[in-house]
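Structure, as structure tokens:
The values are calculated or read from the model by the stated rules, or taken from the named source; none is laboratory data. Everything quoted here is computed from the prediction, not taken from an experiment. Neighbour counts run over all protein chains shown; Cβ positions are idealised from the backbone, glycine included. Please note that ligands, DNA and RNA were not included when accessible areas were found on the heavy atoms of the full protein model with its side chains. Shrake-Rupley method; radii C 1.70, N 1.55, O 1.52, S 1.80 Å.
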Amino acid sequence: MKRREFLVLSVIGLGVFFGVWALASLGGLAPRQFLPPPWTVAAKFIDLIHEPFAGYTLQQHLLSSFTRFGMGFALAVLIGVPLGLAMGWFRWLDAIVSPLFDALRFVAPIAWVPFAALWFGTGIGGPVLVIFTGAFPPCVINAYRGARYVDPRLVEAAQTLGARHWHIITEVLLPASVPSIVAGLRVSAGLGWQSLVGAELIVVSAGVGYLMVQGQSNLATAVVMCGMIGIGVVGFAIDVVLRVLERRIKAQWSPA
């Protein structure tokens with residue numbers, strides 16, 4: 001499908017979505033207080049950019065949320081990628097870590113909210129922990145898969161040249177696993193960003209999750225929907241950046 005055709009179909013899809021939304025609102029499917037029409041939400045979105053709500057403007061709430069996300073995501077990458085590579089190389093480490101990891105990775109990030117609140121209170125550590133639990137498993141899994149499926153001839157050549165474990169991991173496994181790791185970062189970032197609202201259910205004074213909770217408390221449905229739109233737009237932007245990075249790395253590392 002050509003790019004122009006794809007864009008046309010995308011615009012048609014968006015038009016149908018907003019048309020159904022407007023008809024549902026105007027047709028009384030739900031009270032307009034709880035299902036405002038698209039133009040009301042758009043006006044509120046513009047208003048939130050200029051006028052503070054719950055102490056801050058919309059972009060300030062999003063910046064606060066993105067800062068927490070960045071910390072949790074970076075921590076997941078810094079710990080998860082080396083751990084996955086090490087598990088793919090050291091079989092004894094794989095045997096030790098896998099049972100615990102396989103059990104914990106199925107625990108939803110939102111389930112960590114009560115523990116995060118108890119451990120960190122209202123500090124930044126709580127939201128970062130929840131985001132970390134969402135972003136961590138894909139980092140480990142993709143780094144592990146990348147290390148396990150490295151061409152054995154590369155490893156044998158390094159061993160023949162006298163390379164030690166650390167050099168094999170950093171100079172053979174890591175470069176060969178980069179495409180798989182970067183592909184995992186997209187999944188990791190998506191899960192981490194989705195965990196954000198749950199993380200901000202912990203008592204915080206700023207953030208898009210806090211904005212939405214305050215909007216709910218004030219029966220301001222348009223504010224809640226603006227928060228959802230902000231989350232979607234920023235999440236889409238993060239995915240676009242990682243998608244471009246993934247495409248470039250795959251092009252660089254693909255065989256000629």
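Restricting attention to the stretch 195-219, the residues that are among the hydrophobic types (A, V, I, L, M, F, W, C) and free of Cβ contacts under 8 Å to residues at least 40 places away in the same chain total 3.
Regarding the stretch 94-101, can at least one residue be identified that is in contact (Cβ under 8 Å) with a residue 40 or more places away in the chain, open to solvent by less than 30 Å² (accessible area, probe 1.4 Å) and not acidic (Asp, Glu)? No. Look through 3, 32 and report the one residue that is within 27 Å of the chain's Cα centre (by Cα), at pLDDT below 90 and open to solvent by 60 Å² or more (accessible area, probe 1.4 Å). Every option except 3 fails the conditions. Among all residue pairs at least 6 apart or on different chains, which show Cβ distances below 8 Å where the first residue, located in the stretch 11-36, is touching a residue at least 24 places away in the same chain (Cβ under 8 Å) and the second is open to solvent by 90 Å² or more (accessible area, probe 1.4 Å)? If the second residue must be open to solvent by 90 Å² or more (accessible area, probe 1.4 Å), the pairs left are 33/219; 35/29.
Can you find a residue in the stretch 10-29 that is open to solvent by 50 Å² or more (accessible area, probe 1.4 Å), in contact with a helix residue (DSSP H, G or I) (Cβ under 8 Å, 6 or more places away or on another chain) and not hydrophobic (A, V, I, L, M, F, W, C)? Scanning the stretch 10-29 turns up no residue that is open to solvent by 50 Å² or more (accessible area, probe 1.4 Å), in contact with a helix residue (DSSP H, G or I) (Cβ under 8 Å, 6 or more places away or on another chain) and not hydrophobic (A, V, I, L, M, F, W, C).
Pairing each residue of the stretch 163-189 that is closer than 28 Å to residue 235 by Cα and open to solvent by 70 Å² or more (accessible area, probe 1.4 Å) with any residue that is of a type in the set (Asp, Glu) and modelled with pLDDT of 80 or more, provided the two are 6+ apart or on different chains, yields C-beta distances under 8 Å for 186/239. Flag not set for residue 92, criterion: at pLDDT below 85, part of a helix (DSSP H, G or I) and among the aromatic types (Phe, Trp, Tyr).
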